[in-house]
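Q: One structure is given below, represented as structure tokens, and several questions about it will come after.
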Amino acid sequence: MSQYLQDKVILITGAGGGFGQLIAEKVAAQGAKVVGLDINEAGLKAVFDGIAARGHAGTYSVADVTDMDQVVAAAQHAVATFGAIDVLVNNAGVMPLAYFADHERAWQKWHKAIDINIKGVVNGISAVYDQMIEQGRGQVVNISSIFGNAGIDGSGVYSATKAAVTTISDSLRIEAKGKIKVTTVKPTGVTGTNLASWIVNDEAILGLTGQRGAIFTENMTAATTDTLRPEQKDVDNIEYWLIKPDDLADAVVHVIDQPWGISISDITVRASGEDYLY
């Protein structure tokens, strides 16, 4: 049992499934009090019924992260239930990869991504800021992406939203020095999440691979047909090819599982043998 996660109140957006569910389950198992937020009520109920069945502490609020009032209500529910909000994990996000030539079929997802990926982060911070300042301590963990490191072919809008997340994180860190720890987490490609369902043009992912595009395509084909070499599937091998949701969730748990005096401010999580360049 972690001494630093024990009894921390952790609010997680997008906790009704996927990566947010994993984080919620992992921190709850180590003694945290978890509050889930998601637009998917059925998913939230299933996740938190499971947490309760294992004897861990948790509650949830159905909310759309793009709606400030709903996010504020979720934060108030957290305080009313557990008396504090120690950590906010801004996890909710979507990935509408597309070229600008795809604008006619992409623009609606682009607009939604701006709302979720940027406004959702701003709403989350706004909803917990006063509580954390009043407590005298808190932590905000924002999930960005390596796509936000630069303007990338096939990812103009998505990259812009994730660059905004990094900028927001940096600004909050400066403003809230000594009161709120801020961590920016930048994952590379991750298998087994629902992010791929938002991709408009599958070819757009090649913008991250550059001169490794051909080998990436070869490896991706092997991954989808379960013919990757054993070394590429072994997390303890230097050739490990693509991180899994568990790998990323463990990294998020690690940055939270620190004494209040230690802030891991920026972390990129990648597979050592991957084909992404940034």
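Q: Which condition number in (1) within 25 Å of Arg173 (Cβ to Cβ); (2) among the hydrophobic types (A, V, I, L, M, F, W, C); (3) modelled with pLDDT of 95 or more; (4) in a helix (DSSP H, G or I) is the one that Trp107 fails?
A: So the condition that Trp107 fails would be (1).
Q: Mind checking which pairs have a first residue in region 208-226 that is in contact (Cβ under 8 Å) with a residue 12 or more places away in the chain and part of a loop (DSSP other than H, G, I, E, B) and a second that is open to solvent by less than 50 Å² (accessible area, probe 1.4 Å) and not acidic (Asp, Glu), Cβ under 6 Å, 6 or more apart or different chains?
A: Correct list of pairs: Thr209/Phe216.
Q: Let me ask you something else. Please work out which residue is farthest from the chain's Cα centre (by Cα), limiting yourself to region 151-199 and to residues that are of a type in the set (A, V, I, L, M) and assigned to a strand (DSSP E or B).
A: Ile180
Q: If you don't mind, another one. Just for region 161-176: of the residues that are among the small types (Gly, Ala, Ser) and without any contact (Cβ under 8 Å) to a residue 24 or more places away in the chain, which one is surrounded by the most Cβ atoms within 10 Å (Cβ to Cβ)?
A: Ala163
Q: Scan region 42-55 and tell me whether some residue there is touching a strand residue (DSSP E or B) at 6+ places or on another chain (Cβ under 8 Å) and within 24 Å of Gln135 (Cα to Cα).
A: No: region 42-55 contains no residue that is touching a strand residue (DSSP E or B) at 6+ places or on another chain (Cβ under 8 Å) and within 24 Å of Gln135 (Cα to Cα).
Q: May I pose another question? Counting only residues that are among the aromatic types (Phe, Trp, Tyr) and surrounded by fewer than 19 Cβ atoms within 10 Å (Cβ to Cβ), how many does region 241-268 have?
A: Here the count works out to 1.
Q: So in region 237-278, with the set limited to residues that are in contact with a helix residue (DSSP H, G or I) (Cβ under 8 Å, 6 or more places away or on another chain) and part of a helix (DSSP H, G or I), which one is farthest from Phe216 (Cα to Cα)?
A: The extreme case among them is Ile256.
Q: I've got another one for you. Listed residues Ala28, Ala24; which is of a type outside the set (Val, Ile, Thr) and either touching a Pro at 6+ places or on another chain (Cβ under 9 Å) or over 17 Å from Gly124 (Cβ atoms) (or both)?
A: After applying the criteria, what remains is Ala28.
Q: Can I ask one more? Inside region 227-236, can you point out the residues that are of a type in the set (Lys, Arg) and assigned to a loop (DSSP other than H, G, I, E, B)?
A: Passing the criteria: only Arg229.
Q: Which of the following residues is touching a residue at least 12 places away in the same chain (Cβ under 8 Å), basic (Lys, Arg) and over 15 Å from Gly14 (Cα atoms): Lys45, Lys119, Lys109?
A: None of the other options fit; the residue is Lys109.
Q: Cβ-Cβ below 7 Å, separation at least six or inter-chain, first residue in region 260-274 and farther than 28 Å from Trp241 by Cβ and in contact (Cβ under 8 Å) with a residue 24 or more places away in the chain, second open to solvent by 70 Å² or more (accessible area, probe 1.4 Å) and assigned to a loop (DSSP other than H, G, I, E, B): which pairs?
A: Trp260/Arg137
Q: Could you list, in sequence order, all residues of region 100-143 that are open to solvent by 30 Å² or more (accessible area, probe 1.4 Å) and of a type in the set (A, V, I, L, M)?
A: If the condition is that a residue be open to solvent by 30 Å² or more (accessible area, probe 1.4 Å) and of a type in the set (A, V, I, L, M), then Ala101, Ile114, Ile118, Val122, Ile133 are the ones that fit.
The values are calculated or read from the model by the stated rules, or taken from the named source; none is laboratory data. Since we're looking at a predicted model, the values are computed, not measured. Positions of Cβ are generated from backbone atoms using ideal geometry, with glycine treated the same way; all protein chains shown enter the neighbour counts. When the accessible area is computed, the model is the full protein with side chains, heavy atoms only, and any ligands, DNA or RNA have been set aside. Shrake-Rupley method; radii C 1.70, N 1.55, O 1.52, S 1.80 Å.
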